[in-house]
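Engineer: Supplied in structure tokens, the structure appears directly below.
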Amino acid sequence: MDYEHVREVDPAVADALVGEVDRQRSSLQMIASENHVSEAVLEAQSSVLTNKYAEGYPGARYYGGCEYADEIENLAIERAKELWGAEHVNVQPHSGTQANQGVYYAMLEPGDRILSMELDHGGHLSHGHPANFTGQLYDVEQYVVDAETGRIDFEDVKTKAEAHDPDVIVSGYSAYPREVEWERFQEIAEDVGTYHLADIAHITGLVAGGVHENPVGTADFVTGSTHKTIRAGRGGIIMTSEEHADEIDSAVFPGGQGGPLMHNVAGKAVGFKEALEPEFEEYAQQVVANAKALADRLQDHGLRVVSGGTDVHLVLVDLRGSHPDLSGGTAEEALEDAGIVLNANTVPDETRPPFDPSGIRIGTPALTSRGFDEDDHRTVADLIVEVLDDPEDEDVRAEVLEDVAALCEANPLYE
Ligand SMILES: *Cc1c(COP(=O)(O)O)cnc(C)c1O
């Protein structure tokens with residue numbers, strides 16, 4: 001990965017790309033929404049398909065020369081159907097947000113009502129935040145998690161569903177450490193006569209790998225990002241029943257997008273093929289086992305883990321329990337200096353501002369992709385705590401950085 005063609009044209013960008021490869025190799029990527037795709041997916045996503053216009057859908061394009069684009073998009077669709085058991089799949093959304101936009105645009109009118117989880121409690125911007133188009137176009141009501149248990153407060157969901165009479169209920173989150181009970185949402189949606197959108201952006205790979213319950217077939221619409229746990233490169237996806245197939249397809253194109261990013265669709269096809277191999281189930285199991293090992297060890301050190309543990313690929317730490325004077329932002333910066341990259345995150349019942357909240361979110365998908373096991377994650381937990389206990393101490397950071405380097409060397413990336 002020396003980017004020699006880029007270097008001939010543009011040394012500044014080549015230097016930055018090489019720097020990024022080195023950064024990913026030599027530090028621990030623990031941002032829960034990130035992953036390391038295979039070199040096969042990288043190659044597909046940087047292919048000549050970036051040149052190709054393919055507006056429309058396979059067999060019905062607005063441009064000529066689409067035979068290979070058609071073949072690749074059909075493969076992506078067929079593999080997604082097999083992975084998640086969906087009747088209808090659209091692989092053209094540019095990202096997870098555009099997948100959600102596709103569903104809203106297909107099913108809602110401006111002014112219609114959305115019921116979703118608060119951002120502070122683990123929701124996503126595209127679920128109705130005031131700074132997002134969803135918060136401006138739609139009338140949004142939000143439910144919360146129970147502050148004690150850290151779990152979805154279904155009484156709150158039910159009460160708000162009855163009072164707000166939403167046109168869609170959104171489930172699925174960015175920072176929720178527990179299994180989501182899709183049926184309970186579906187039941188509430190049916191009771192109040194509304195649609196249910198399950199946004200599995202973070203957990204696409206956990207669902208495909210059989211370690212999280214699958215909402216496909218239960219929820220009316222399932223959306224996701226393809227670059228998170230499913231490891232198929234940057235992009236989005238929508239899954240639904242035959243009944244809503246045409247509405248969804250025309251909401252994505254021409255409703256909300258122009259030409260599909262066919263190089264990314266190729267990445268999805270390749271990543272989905274990898275995910276259909278039996279090894280991917282082992283990967284998904286290891287992601288969760290690693291997160292549990294990490295959560296247990298952090299709790300052994302006295303840290304407060306939201307909900308007391310995890311069922312998924314992430315651990316949410318509420319620093320107010322063990323480090324009341326340390327903000328999430330300061331923790332994030334100190335850890336990054338020590339080679340551990342993660343993000344500050346809001347926690348339930350947040351008392352600090354959103355740009356410098358009280359928690360940190362720690363994910364295991366990327367480290368698991370480069371071979372880290374439970375023992376490694378216990379070591380990583382120890383290193384995280386060392387930095388959190390002494391965030392100002394440069395010697396501590398330097399020592400941790402050395403341990404990080406050893407872990408990276410033992411689990412090489414993109415050799
Ligand atoms: C990541 C995420 C998305 C989509 O984000 P993109 O960056 O647009 O792919 C949507 N919903 C949830 C819950 C997410 O976590």
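Engineer: Any idea which of (1) crowded, with 22+ Cβ neighbours inside 10 Å; (2) at pLDDT below 95 is the one P353 doesn't satisfy?
Structural biologist: (1)
Engineer: Something else about it: Please go through region 288-311 and give me each residue that is acidic (D, E), part of a helix (DSSP H, G or I) and out of contact with any Gly (no Cβ under 9 Å at 6 or more places or on another chain), ordered by number.
Structural biologist: Passing the criteria: only D300.
Engineer: Using beta carbons and a limit of 6 Å, which pairs, at least six apart or on different chains, have the first residue in region 93-119 and farther than 13 Å from A201 by Cβ and the second one part of a helix (DSSP H, G or I) and of a type in the set (D, E, K, R)?
Structural biologist: A106/E247; L115/K160
Engineer: From the list G236, G267, which residue is farther than 16 Å from A86 by Cβ and buried (at least 24 other Cβ atoms within 10 Å of the Cβ)?
Structural biologist: G267 is the lone residue from the list that is farther than 16 Å from A86 by Cβ and buried (at least 24 other Cβ atoms within 10 Å of the Cβ).
Engineer: Next up: How many residues does region 31-59 contain that are touching a helix residue (DSSP H, G or I) at 6+ places or on another chain (Cβ under 7 Å) and either without any contact (Cβ under 8 Å) to a residue 12 or more places away in the chain or among the acidic types (D, E) (or both)?
Structural biologist: 3
Engineer: So which residues in region 179-224 are of a type in the set (S, T, Y) and farther than 21 Å from L316 by Cα, if there are any at all?
Structural biologist: Answer for region 179-224, where residues must be of a type in the set (S, T, Y) and farther than 21 Å from L316 by Cα: T194, Y195, T218, T223.
Engineer: Is at least one residue of region 355-362 under 23 Å from V145 (Cα atoms), within 22 Å of the chain's Cα centre (by Cα) and aliphatic (A, V, I, L, M)?
Structural biologist: Yes; the residues of region 355-362 include at least one that is under 23 Å from V145 (Cα atoms), within 22 Å of the chain's Cα centre (by Cα) and aliphatic (A, V, I, L, M).
Engineer: Let me ask you something else. Can you give me the ranges of the strands (runs of 3 or more DSSP E) entirely in region 72-185 with at least 3 residues that are in the same structural domain as V48 (by TED's automatic domain parsing) and surrounded by fewer than 22 Cβ atoms within 10 Å (Cβ to Cβ)?
Structural biologist: In region 72-185, the matching strands (runs of 3 or more DSSP E) lie at 139-143.
Engineer: Looking only at region 21-65, which residues are charged (D, E, K, R), within 27 Å of D337 (Cβ to Cβ) and away from the ligand (no atom under 16 Å from the Cβ)?
Structural biologist: Step one: of region 21-65, the residues charged (D, E, K, R) are 22-23, 25, 34, 39, 43, 52, 55, 61.
Next, only the ones that are within 27 Å of D337 (Cβ to Cβ) stay: 22-23, 25, 34.
D22, R23, R25, listed by residue number.
The values are calculated or read from the model by the stated rules, or taken from the named source; none is laboratory data. Predicted model only: the values in this text are computed from it and were never measured. Every residue, glycine among them, receives a Cβ derived from its backbone with ideal geometry; neighbour counts consider all protein chains shown.
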